[in-house]
Each structure stands twice: as structure tokens, then as C-alpha cells.
Amino acid sequence: MHRRMALALAALGLAALAGGATADTYPSKPIMMVVPYSPGGSGDKLGRLLGDRLSKSMGQPVMMDFKPGASGLIAEEAVVRSAPDGHTLLLDQSSIAMNPVLLQSRMRFDLQRDLRPIANVVRFQHMLVSSAALPARSVKELVDYAKSGKPINYSTPGSGTAQHVLAEQFLRASGITATHVPYKGGAAALMAVASGEVQFSFVSVSTGQGMAQSGRVRALGVLDGLRTKKLPDVPTFEEQGVRGLASPWLGIFVTRKTPEAIVQRIGQEFGKVLQDPGVREKLEEDGMHPIGSSAAEFERQVANEIAVNRKLVQELQITAD
């Protein structure tokens with residue numbers, strides 16, 4: 001019995017040493033940042049900016065791995081199934097907190113049990129854009145147009161996305177109705193507005209500012225109470241008397257069994273990057289506002305948003321179809 005106990009204690013000691021060594025030597029190979037979108041969008045821009053700085057500070061290259069599709073589930077499941085060593089990160093937006101509500105039947109993992117939130121990195125500022133063919137030149141004029149009885153449609157990157165929720169919240173707050181037309185991605189949703197297929201959409205400033213500047217779409221208002229440097233003449237929703245809408249965020253997750261020491265190290269590294277004046281300036285130029293949070297704070301936020309989303313889905317009758 002004493003011999004078995006000694007062997008068990010020795011095994012525990014070796015395991016502890018191994019865990020400590022893993023944390024102490026992290027990262028020991030390139031880090032893969034999995035992004036559930038196609039290249040070219042806000043997630044791509046943010047990932048490359050952060051990855052470049054993290055590569056320098058952590059001594060290992062940070063590479064992008066794009067896995068679009070299935071409302072983020074493909075990328076999320078890939079990270080859930082990855083080795084719990086901190087070398088595979090997920091860069092995902094706030095719609096991840098909608099998936100357990102709308103897509104539970106399609107999920108082969110449990111978001112809160114299988115993924116660990118590490119840091120809420122940025123809020124990527126969104127704006128309301130309309131077709132240039134519409135007479136509306138403000139949020140109020142778009143609302144008045146919708147109330148005139150003319151048919152009106154809006155585009156999103158897909159059902160259940162953060163942009164879908166934003167649009168439905170806007171409709172409820174404004175007392176208007178519009179038909180939802182989901183597309184495969186933010187670029188396609190924006191092109192639908194530019195071509196006149198739909199009348200309006202919520203898009204990130206980073207994605208839509210080029211078309212707004214060229215006049216292919218009309219920017220009616222920006223969210224979060226801050227005018228954007230690239231479109232300084234576009235008023236905020238708050239300036240136009242509309243409150244209660246907020247832009248989506250982008251955050252970092254790892255598979256749940258990742259050792260706590262590595263989780264804390266990753267969080268610290270992202271915190272340092274977000275304090276870099278050059279990074280903050282670049283983020284602001286692209287319509288992204290640094291947040292930064294501890295793993296514990298971010299985990300509480302995600303749990304709270306899942307609970308809020310359950311109520312929203314019921315109240316707004318949002319579906320994944």
C-alpha cells in the first residue's frame with residue numbers, strides 16, 4: 001500500500017512539473033489564430049495587426065487560419081478539438097454568444113464548457129448604410145421612408161449574426177418593419193446595398209468606409225457615440241436621438257482545458273499589445289476601439305450575453321433560418 005501511494009505521489013509530482021514546464025516554455029512553436037471569416041474583413045485586419053505584434057513579443061510567429069462557414073461553428077469546433085497548449089487561438093465576434101441560443105441543435109460542443117474566453121479585444125464600430133438610390137440622408141429619414149409604406153429590405157452576413165440582431169433591435173426601437181435578406185458574409189451584404197438589392201444594412205466602419213467615401217452607399221449614422229475619423233461628417237446614432245444600440249466585439253478564446261498559467265500569459269500579452277500607442281492608433285483608424293479585459297471578466301460577459309440573447313431571440317423572434 002505504501003509503495004502504491006509513493007508511486008501515485010511521484011506521478012502527481014511529475015505531472016505538476018510537466019505542467020509547470022509547459023507554462024514556462026510557452027510558446028514553443030508557431031501560434032495559429034483561427035478566424036471564422038473569409039480573408040479581407042475586420043477580423044482579418046485585426047488578426048494580422050495583433051499577430052504581428054504578438055509574434056515579436058512572444059518569440060514565435062502568429063499565423064492566420066481562416067475557417068468560414070456555419071455561423072462560426074466550423075472555426076469554433078476546430079479550436080475546441082485542438083491541443084490544450086495555447087498554440088491555437090480563436091478570434092471570434094460577439095455572435096458566438098448567440099450560437100448556443102439559435103444553433104444548439106447543430107453544435108457538437110458546449111460553448112461554455114468547451115471554450116475558455118481569454119480577452120475581449122476590441123469593439124469594431126458599426127454604421128448604418130443605405131442605398132444611394134434612397135432619398136434618406138439620416139437615420140430619421142430612413143425611418144420616415146419605411147413608415148411611408150414603401151417595401152424595405154435589409155441585408156446581413158447571415159441569420160443570427162451580430163448584424164442581424166442589431167438590425168432587429170433598430171427596427172423595434174424605430175417602430176418600423178423590414179424584410180431580412182441574409183447573405184454569405186459582410187462583403188456580400190454590403191454589395192447588396194450598393195447594388196440596390198436591399199435598402200440598408202449595418203456594417204463595420206472598416207468594411208464599409210470605402211464605399212461610403214466613394215458614394216456607392218450612404219452612411220447614415222455610426223454607433224457607440226463616437227464619430228469616426230474616416231467619416232467625420234457622419235453623425236452618431238446618439239446625436240440623432242437613437243440610443244441603446246452597440247457595435248459587436250471581437251475576442252480571444254482557447255480550448256477549455258488549456259492550463260491556467262498559459263491562459264494568463266496569453267491575456268497579459270494581448271493586454272500589452274492593446275496598450276501600444278501605435279496599435280491603438282491603427283485600430284482607431286480602422287474603426288476599432290480597444291477594450292482589453294481579464295479572462296474572468298470576459299467569461300462573465302459571455303455568460304451574461306448568452307442569457308440576454310435568449311430573451312432577445314424570444315422577444316424579436318429571431319431564427320437561424
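In table form, for the structure just shown:
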quantity: 0 to 90° range, to nearest 10: angle between helix 162-174 axis and the chain longest Cα axis; calculated: 40 degrees
quantity: GNM top mover of T255, T25, T207 - the chain, alpha-carbon springs below 10 Å; calculated: T25
quantity: Relative contact order, percent, the chain [alpha-carbon distance under 8 Å, six or more residues apart]; calculated: 26 percent
quantity: Residue-normalised accessible area of the range 154-200, given per residue in Å² at a 1.4 Å probe; calculated: 36 Å²
quantity: Cut-off of 10 Å, at most 14 other beta carbons, DSSP loop: longest stretch of the chain lacking such trypsin sites (Lys or Arg not before Pro); calculated: 1-80
quantity: Listed candidates (i) 56, 47, 36; (ii) 85, 42, 29; (iii) 85, 47, 29 - label of the one calculated as Cα extents along the principal axes in Å; calculated: (ii)
quantity: Under-5 Å amide H pairs with A119, H placed in peptide plane, nonlocal only; calculated: I252
quantity: Under 5 Å, built H, 5+ apart or other chain: amide partners of G221; calculated: L128
quantity: Ellipticity estimate at 222 nm from DSSP helix runs (n ≥ 4, -39,500 (n - 2.57)) divided over the chain, nearest 500; calculated: -14000 deg cm²/dmol
quantity: Folded to 0 to 90 degrees: helix 186-195 orientation relative to the chain principal axis, Cα; calculated: 10 degrees
quantity: Anisotropy class of the range 27-69 from Cα gyration tensor, a/c 1.5 cut; calculated: oblate
quantity: Accessible surface of the chain [probe 1.4 Å, protein heavy atoms]: carbon and sulfur percent; calculated: 54 percent
quantity: 3J(HN,Hα) from dihedral phi, the range 50-55, Karplus parametrisation 6.51/-1.76/1.60, rounded to Hz, x for glycine, proline; calculated: 5, x, 4, 5, 5, 4
quantity: List I291, I31, ordered by accessible area with a 1.4 Å probe, largest first; calculated: I291, I31
quantity: Accessible surface, the range 13-112, averaged per residue in Å² (probe 1.4 Å); calculated: 43 Å²
quantity: Selected from G278, G210, G69 as most flexible by GNM, with the chain as the system and alpha-carbon contacts under 10 Å; calculated: G278
quantity: Among M127, M98, M63, residue whose mean-square fluctuation peaks in a GNM of the chain (springs only between Cα atoms under 10 Å); calculated: M63
quantity: Folded to 0 to 90 degrees: helix 2-25 orientation relative to the chain principal axis, Cα; calculated: 40 degrees
quantity: Whole-Å distance, taken between Cα centres, linking the range 26-45 and the range 234-270; calculated: 16 Å
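The values are calculated or read from the model by the stated rules, or taken from the named source; none is laboratory data. Keep in mind that this is a model prediction, so the values were computed, not measured. Counting neighbours? That spans all protein chains shown, and the Cβs are built from the backbone with ideal geometry, glycine included. Side chains included, ligands, DNA and RNA excluded: accessible areas come from the protein's heavy atoms. Shrake-Rupley method; radii C 1.70, N 1.55, O 1.52, S 1.80 Å.
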